[in-house]
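What follows is a single structure, written as structure tokens, with notes after it.
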């Protein structure tokens with residue numbers, strides 16, 4: 001699953017696969033316990049037991065349990081979620097929580113896989129940062145073009161006024177004007 005060959009297509013594929021499992025819950029990017037356990041090569045039950053035995057290592061900004069409502073919404077949105085055991089609310093692990101989980105599991109595979117999990121979180125942060133820069137750049141461009149549009153409209157108006165023939169005053173009529181009889 002996760003190889004030690006740095007820079008290979010296999011590593012990139014693994015990071016991309018992990019990225020696809022990262023969800024946005026409560027405004028935080030998280031991995032669910034079942035997905036993280038699979039990456040670390042342990043049953044979900046073993047991961048959750050390790051978390052329960054080490055609660056002091058998992059403050060709410062590292063890991064939290066989904067509410068019943070969140071769990072139901074998650075199950076209704078994801079086809080694969082129906083395979084989960086519906087009796088238990090899943091844990092959601094933030095980037096820091098995934099690292100801590102690798103530490104409490106203390107297995108070589110968990111430590112190795114945690115590197116790829118962190119890389120996936122970092123890549124997502126970079127994408128978000130690039131998106132923010134793009135939004136800022138577009139807003140600046142829109143502001144500039146908006147100011148230029150008014151100047152361009154004014155210039156076109158001046159050119160039209162100059163190109164239009166000047167209004168001529170009415171000329172006196174030439175010829176015989178009868179005064180009616």
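Quick note: the coordinates plus some simple rules give every number you see, no bench work behind them. If you're wondering where the values come from, they're calculated on a predicted model, not measured in any experiment. Using ideal geometry, Cβ is built from the backbone for each residue, glycine included, and neighbour counts are taken over all protein chains shown.
Distance between the modelled labels on residue 46 and residue 89, one decimal in nanometres: 2.7 nm (7 Å Cα→Cβ projection).
In the distance distribution for region 9-126, Cα-Cα pairs more than 16 Å apart total 57 percent.
At full extension, residue 132 and residue 151 could sit 3.9 nm farther apart than now, given 0.36 nm per residue minus the alpha carbon distance.
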